[in-house]
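Visitor: My structure is below; once you've seen it, I'll send some questions.
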Amino acid sequence: MTAPLLEVSGLTMRFGGLVAVDGVGLTAQTGAITALIGPNGAGKTTIFNCLTGFYRPTAGRLLLRHPDQGEIELQRLPGYQVARHGVVRTFQNIRLFPRMTVLENLMVAQHVELMPKSGFSVAGLLGLAGWRAAENAAIDRARFWIERLDLTAVADEEAGNLSYGMQRRVEIARAMSTRPLLLCLDEPAAGLNPRETAALGQLLLGIRQEFGIGILLIEHDMSLIMGISDRIHVVEYGRKIAEGTPAEIRSDERVIKAYLGEPEEEEMPAEVAQDLAQDLSQETRP
């Protein structure tokens, strides 16, 4: 097996006396969908914030193996530079620019690449050929992802006027327009109906197959997780309690207990607990 695209070891995040993440290790492979799941308050979003530069971890190593730049320790970078090395994310709460069009949102996402080529606005103001070529390439890339995610009909609409499901797709299109190595999705199915969730799953499978990038996602919808993930990591109270394939996680007693608790036998007979355990593959957890 090839070395992981992202290898996390000993990740710890403390907020004063609170240990939100305690020595977590996980990996994400190129060309694979990796899921991070756990009950509410398990530390999933804190882990994401550490991986994507929003938090500097208290301890741990976040090793990205970049195909062109070699090994990069993300925890050593200023937070804003993490995305420049190909680790890009979406958010649980949509963070589009609502008064910009869909196309403009995808163009803004490429500003890190465009600004140096514009001579930090000088070449852009003068309309120099190098800037025009870079701008046209960015427009072409934005249009490609607009078409790929079936957003052509709303490309010139303000993002804030779109349906919730459409805004979710715009977020993914915006992230993909930056050409990520690892796409990190924070609850991408939140607020979607079953039809939209199924379409999202097919979209992510298609992106993985067609572009060969790594995808790492947090999600509460177990039907989505079990249907598209290659590997799943489970956390509870800031610690990892399980790792494996969907089939392994579905039957893991530690995972079942994390989600369902350990009631007294007279309160929940074994056969009832077994039925409830199937929720891990069928229903969205609150």
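Visitor: Please list, ordered by residue number, the strands (runs of 3 or more DSSP E) wholly in the range 171-262 having 3 or more residues that are crowded, with 21+ Cβ neighbours inside 10 Å.
Guide: Values: elements: 182-186, 214-218, 231-236, 239-244.
Because the criterion is at least 3 residues that are crowded, with 21+ Cβ neighbours inside 10 Å, the strands (runs of 3 or more DSSP E) in the range 171-262 that meet it are 182-186, 214-218, 231-236.
Visitor: Is it fair to say Val102 is in contact with a Phe, Trp or Tyr (Cβ under 7 Å, 6 or more places away or on another chain), β-branched (Val, Ile, Thr) and either outside the structural domain of Arg56 (by TED's automatic domain parsing) or modelled with pLDDT of 90 or more (or both)? Steps first, please.
Guide: Numbers: in contact with a Phe, Trp or Tyr (Cβ under 7 Å, 6 or more places away or on another chain): no; β-branched (Val, Ile, Thr): yes; either outside the structural domain of Arg56 (by TED's automatic domain parsing) or modelled with pLDDT of 90 or more (or both): yes.
So Val102 fails the test.
Visitor: So, in the range 54-97, how many residues would count as being touching a residue at least 24 places away in the same chain (Cβ under 8 Å), assigned to a strand (DSSP E or B) and either among the hydrophobic types (A, V, I, L, M, F, W, C) or under 20 Å from Asp186 (Cβ atoms) (or both)?
Guide: 8
Visitor: Would you mind finding the one in Thr12, Thr30 that is under 25 Å from Gly201 (Cα atoms), hydroxyl-bearing (Ser, Thr, Tyr) and in the same structural domain as Gly60 (by TED's automatic domain parsing)?
Guide: From the options Thr12, Thr30, the qualifying one is Thr30.
Visitor: Which ones in the range 105-132 are among the aliphatic types (A, V, I, L, M) and modelled with pLDDT of 60 or more? If you could, list the steps in order and put the result at the bottom.
Guide: Residues of the range 105-132 that are among the aliphatic types (A, V, I, L, M), as a first pass: 106-109, 112, 114-115, 122-123, 125-126, 128-129.
Correct list: Leu106, Met107, Val108, Ala109, Val112.
Visitor: If Arg231 meets every condition in (1) at pLDDT 95 or above; (2) farther than 21 Å from Arg89 by Cα apart from one, which number is that one?
Guide: Looking at each condition in turn, Arg231 falls short on (2).
The values are calculated or read from the model by the stated rules, or taken from the named source; none is laboratory data. Model, not experiment: these values are computed from the prediction. Counting neighbours? That spans all protein chains shown, and the Cβs are built from the backbone with ideal geometry, glycine included.
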